[in-house]
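The structure under discussion appears below in the form of structure tokens.
Values in this text are rule-based calculations from the coordinates and carry no lab data. Since this is a predicted model, take the numbers as computed values, not measurements. Cβ atoms come from the backbone with ideal geometry, glycine included; neighbour counts cover every protein chain shown.
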Amino acid sequence: MFAQVVVDVPVVDTDRPFDYRIPESLAPFVFVGSRVSVPFGPRKLQGFVVGLADTSEVEKTRDILDVLDVEPPLTEEMVWLARRISERYMCTYYTALQSMVPAVLRSSYDKQIFLTAAGEAFVSVLSDEQAFYEYIRNRQPVLWNKIMKEFPFAAAWLDEGLKKNRIRVEQIVGDRVTKKTITILSPAVSVEELEAAQGELSKTAVRQKEVLSHFIHFYGPIPQPELLSLLGVSNQAVKGLVDKGLLIKEEVEGYRDPFSGRTFTPAPKHPFTAQQKTVIDGIVEGMNPPVYYPCLLHGVTGSGKTEVYLEIMERTIDQGREAILLVPEISLTPQMVNRFKGRFGSQVAVMHSRLSQGERYDEWRKIRRGEVKVAIGARSAIFAPFQNLGLIILDEEHEGSYKQEETPRYHARTIAQYRGMHHHAVVILGSATPSMESYHEAKKGRIHFFEMRERVGNRPLPEVTVVDMREELRDGNRTMFSKPLMDSINNRLEKNEQIVMFLNRRGFSTFVMCRSCGYVAQCPHCDISLTYHRSNQTLRCHYCGYTEREPQICPECGSEHIRFFGTGTQKVEEELARYFPGIRVIRMDVDTTGRKGAHEKLLQDFREGKGDVLLGTQMIAKGLDFPNVTLVGVLAADSLLNLPDFRAAERTFQLVTQVGGRAGRHEKKGEVILQTYNTEHYSIQYASRHDYESFFVEEIKQRYEKNYPPYYRLVLFTFAHENVPLLVKISERFARKLRETIPPGAYLLGPVASPIARIKDRYRFQCMIKYKNDPRVLPAIHQVVRAFDEERKKTGIMLTVDVDPQMMM
DNA sequence: AGCACGCCGACT
DNA sequence: GTCGGCGTGCTC
């Protein structure tokens, strides 16, 4: 038997399966989807089996060395899906395969070091080199990476040792898996024999008798820690019985349960509203018999979409099928998870970025083994390896975070469509502010459309006031809080109601400027201003991580009038304290939510009324639901509007609508105040009137006129290199080649300098293809991109290809 | 991507 | 004379 293996060399040359012979001993463990280690040239690599065959065309096949998992980590569907992704998003097959398994299964390569006879005999005149050799002698084999850390001169000594043949090196392929094991105790003999043994124990062996008596009453296996705490005995007692051969100790794989010790109360099942019922009945149509049933669920904030999800999910599980719920990372809050855990309990696996790698792996294995029926997680949970998938939900489907911003640059919505078709599953795209793409699809009748226009309990949508900050300035108000916002804050403080205050970070972060000469602190490696971080008095670059100390005087002119501009959350917090003495602010941003569980804790504090204001960035824009919040302030509603991106208006509308939706979700009426310098912009106007439809009509007109999605599709190419003339030359040559290759109807813009013209000392140029949905375009581009690989090798120019880009930078 | 092979300059 | 620079080519 032969296996087609895609190996861990993710470049164009090797981006294809290689044939390997399967040795008889491994044959029972090799499947499509298995992870194996194989010899590749002089090296030993990890690879994935993508096919099996009785024969091979290849003359000299080599043998698979090892199978790395007992069960294959990927299903056949995943292997198929990886192929599709690699074609659609122009990445290598291996990259696509690898992105579907948890990080711990990504290969780690290391080398083992052994001493040769010459090495054994070697005596160094240097005492520390002598110590180095003794270290190897005592512990061999020693891992290469470990010894490099232990000895400062390891590299030189290893190099010399190899040359002089004192050491021998062997490469190993492993993974980062550390499976948690638990110790299980079970009786080794019959109950009668246990009873007999109990009588024979010495009188002083009281503890051992207690343990035996447990097993006599409950004849069966029990985890050791459980037994110890149950009986209040030490493991000494257990050990004695194991030694006597009465009990058996075995290590079994256990799962780390990130939710252990927490209980989930099932949410009371409210009777459905009429509109919820209509939607549920409609979606269920797609389940009997199962067909691919894509639909858009447009429901205003607070209309009860989650209830619909829960119900459809329950029916899916009743059919014996599985479900995936995708949510944006930032709304993957305990609140959200608890509702599903409450309903489906241990049938739910949650994939969370805050979980440790090991915990993620455990959750993933539960899915792979079919031990759970529901997977909840952010983008990558779309790859949950279920085998009988009946339902995929993308909540907040308009969210940009569903697009992965590294290779493979897939969109979870597209993958949902692929998997939905494969499994004849229901795919629900849910949002209060659907993406232009999805709403357009629905309007054209290409996907089913459901709507929920009313909030549960007929609560009115909050009243929105748009405040013109230019007028505020004219009236002499130079603070970041307008008069109406000030009044409303005071009003809530008096009534003891809570406030959510939203500040968009993007395009509005703190930068440092000298008021004497106008100097702005820039990153020396990227064309971007540095951001001030008050917590450790540093300036940081958000792109490359460059950090420097806060300047006391202007490095250009020596002036002391160097000030922090812009409005970061920290600054807002200070200002709040200044204008509203005694106000209790809970600030949520990267600085305050860094630690594990901090995010959760802050929200809990706010819920318990330990703060008057919840102040934050994007992360507070969605999913949160606090009964006592009656005011939402948006400090700079238009901060997104001026970004060089065709989705700026759409993003602004979505953000303002989502943030506004945080107010008045319960008995108390809500109010939203939007501060802006663009009062008349349609995205702000329609958002303030909760008028999605009108916004859509206006925006789709713009998209049509300017050949943007959903009418045209985009592919963005970014070139990066230190050398600008070379960059220009090569990118122009590439563009010319593309123009010659793409079919008529598709056209190319650029190349031009990228909006961020330099990152990590590399200058950036970009060009963009626009095309109507023509199946010939992507293969044509792929061909040019593959041919470019030689150029890349020669010149060192980096090229990234982003199909369906979400961000234009 | 690595790692080998292979063909030309600066040293013991 | 050799050591070592990194260009080119291959990996079932």
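Observations, loosely collected:
- Under 5 Å from the amide H of A:C526 lie the amide H atoms of A:K760, A:D761, each residue being 5 or more positions distant or on a separate chain, with H modelled from the backbone and absent for Pro and chain starts.
- Legend: residue pairs A:K373/A:K403; A:K249/A:K366; A:K111/A:K149, Cα-Cα distance threshold 21 Å; pairs beyond threshold, A:K373/A:K403; A:K249/A:K366.
- Descending by average beta-carbon neighbour count within 10 Å, the peptides A:512-523, A:385-396 line up as A:385-396, A:512-523, the highest first.
- Chain A: calculated mean residue ellipticity at 222 nm from DSSP helix runs of at least 4, using -39500 (n - 2.57): -10000 deg cm²/dmol
- Karplus-derived HN-Hα couplings along the stretch A:311-316 (A = 6.51, B = -1.76, C = 1.60, θ = phi - 60°), whole Hz, x at Gly and Pro: 5, 4, 5, 4, 5, 4
- Compactness index (Cα Rg / 2.2 N^0.38 Å), the stretch A:385-436: 1.17
- Amide H contacts for A:T116 (H built 1.01 Å from N in the peptide plane; partners 5 or more residues away or on another chain; cut-off under 5 Å): A:I167, A:R168.
- Residues with amide H under 5 Å from that of A:G299, placed H, sequence gap 5 or more: A:S431, A:A432, A:M452
- Peptide packing: for A:430-443, A:751-764, A:350-363, the average count of neighbouring Cβ atoms within 10 Å per residue gives the ranking A:430-443, A:350-363, A:751-764, highest mean first.
- Solvent-free Debye calculation, one equal scatterer per alpha-carbon of the stretch A:700-783: log10 I(q)/I(0) at 0.20, 0.25 Å⁻¹ equals -0.91, -1.14.
- When peptides A:314-324, A:538-548 are sorted by average Cβ neighbour count within 10 Å, with the highest value leading, the order is A:314-324, A:538-548.
- Most simply put, chain A has about 55% antiparallel DSSP beta bridges, counting only bridges with both residues inside it.
- 5 Å binning of all Cα-Cα separations within the stretch A:181-253, expressed as whole percents from 0 upward: 3, 17, 33, 28, 14, 4, 1, 0
- Phi angles of the stretch A:727-736 translate, via the Karplus equation with coefficients 6.51, -1.76, 1.60 and θ = phi - 60°, into HN-Hα couplings of 4, 5, 4, 5, 5, 6, 5, 4, 4, 4 Hz per residue; Gly and Pro are given as x.
- Computed over chain A, the percent of Cα pairs more than 47 Å apart is 34.
- Karplus 3J(HN,Hα) series, Hz, for the stretch A:83-95 with 6.51 cos²θ - 1.76 cosθ + 1.60 (x for Gly, Pro): 4, 4, 5, 5, 6, 5, 9, 6, 10, 6, 4, 4, 4
- Evaluating kT/(6 pi eta Rh) at 25 °C and 0.890 mPa s, with the Kirkwood radius of the stretch A:2-105 over Cα pairs in the Stokes-Einstein relation, gives 180 µm² s⁻¹.
- Cα-derived Rg to Rh of the stretch A:323-478, Kirkwood definition: 1.08
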